[in-house]
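Rule-based calculations on the coordinates, nothing more; no lab input. All values derive from a computational prediction rather than experimental measurement. Here the Cβ positions follow ideal geometry from the backbone for every residue, glycine too, while neighbour counts run over all protein chains shown.
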Ligand SMILES: [Zn+2]
């Protein structure tokens, strides 16, 4: 139990380090989130050095948020594709009535185009 907790802490420290590294790389390329930078400036009374430090904290948090939201979206997608209804995923060819995936642009059987 305690060991597991220690491992989790070590993992999150590593992740944190990677996030800070990512932010450092962004900054070295001149990439900056204007919204976060403005927020940081506002919270440092216009002191740019202070704002930089605050910005890095904000950006690390925003990367964490982005990752979390991405995970939710991916999970959502997986759950949705697991139960596709026949109606929404398949269409019948108007000519030969061959049933096929809705993403097809041409009939797999008779070859007529669906895009028209
Ligand atoms: Zn057809």
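Residues 9, 41, arranged from fewest to most other Cβ atoms within 10 angstrom of their Cβ, appear as 9, 41. Ordering 34, 74, 23, 60 from the fewest to the most neighbouring beta carbons within 10 Å gives 34, 74, 60, 23.
Each part reduced to its alpha carbon centroid, the stretch 95-114 and the stretch 31-70 end up 51 Å apart. Note on the chain: with a GNM built from Cα contacts shorter than 10 Å, the maximum mean-square fluctuation among 21, 71, 99 falls on 99.
Using a simple spin-label model with pseudo-atoms 7 Å out from Cα toward Cβ, residue 90 and residue 25 lie 4.5 nm apart.
Compute the helix-to-body angle for 2-28: its Cα long axis versus the longest principal axis of the chain, expressed 0 to 90° and rounded to tens. Relative to the chain, helix 2-28 is tipped by roughly 90 degrees.
The alpha carbon radius of gyration of the chain, expressed as a multiple of 2.2 N^0.38 Å, is 1.85. Look at 59, 13, 33 and count the other Cβ atoms within 10 Å of each Cβ; fewest to most, that gives 13, 33, 59. Between residue 6 and residue 66, the distance separating the two model label sites (each 7 Å from Cα on the Cα→Cβ line) works out to 3.5 nm.
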